[in-house]
Amino acid sequence: MDPDTLGALPGGDVVAEGLRDLAAGRDTVASMLVEIGAPKLRRLGIAVPAPDRPDPEHRLYALLARESPDGAHSRYNALVRRLVSFERALACVS
């Protein structure tokens, strides 16, 4: 799927950014979010780069907590909701 199509879906911007970051080997909020969704994204036809490191959920939360300890929980939940929204939209157009 091309980047323009990804960006047109809700949450597609963060998924496209995460795919680029994973391909470049960067540990970012977006790349860890894509790692969380990697199994489903692959089933939906997205080529997710291979890293598959353990515990992306915990790594993402730890990164968010370092950036903003008081807001980590709400930001984590918001990011996961964006991922789920993207996955659902992608399933509809696939």
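Quick notes on this structure:
- Residue check for D27: part of a helix (DSSP H, G or I), open to solvent by 30 Å² or more (accessible area, probe 1.4 Å) and not small (G, A, S): no
- Residue in the range 62-81 that is farthest from D21 (Cα to Cα), counting only those that are open to solvent by 90 Å² or more (accessible area, probe 1.4 Å) and in a helix (DSSP H, G or I): H73
The values are calculated or read from the model by the stated rules, or taken from the named source; none is laboratory data. Since the structure is predicted, the reported quantities are computational estimates derived from the model, not experimental observations. Heads up: the accessible areas ignore ligands, DNA and RNA and are worked out on the full protein's heavy atoms, side chains in. Shrake-Rupley method; radii C 1.70, N 1.55, O 1.52, S 1.80 Å.
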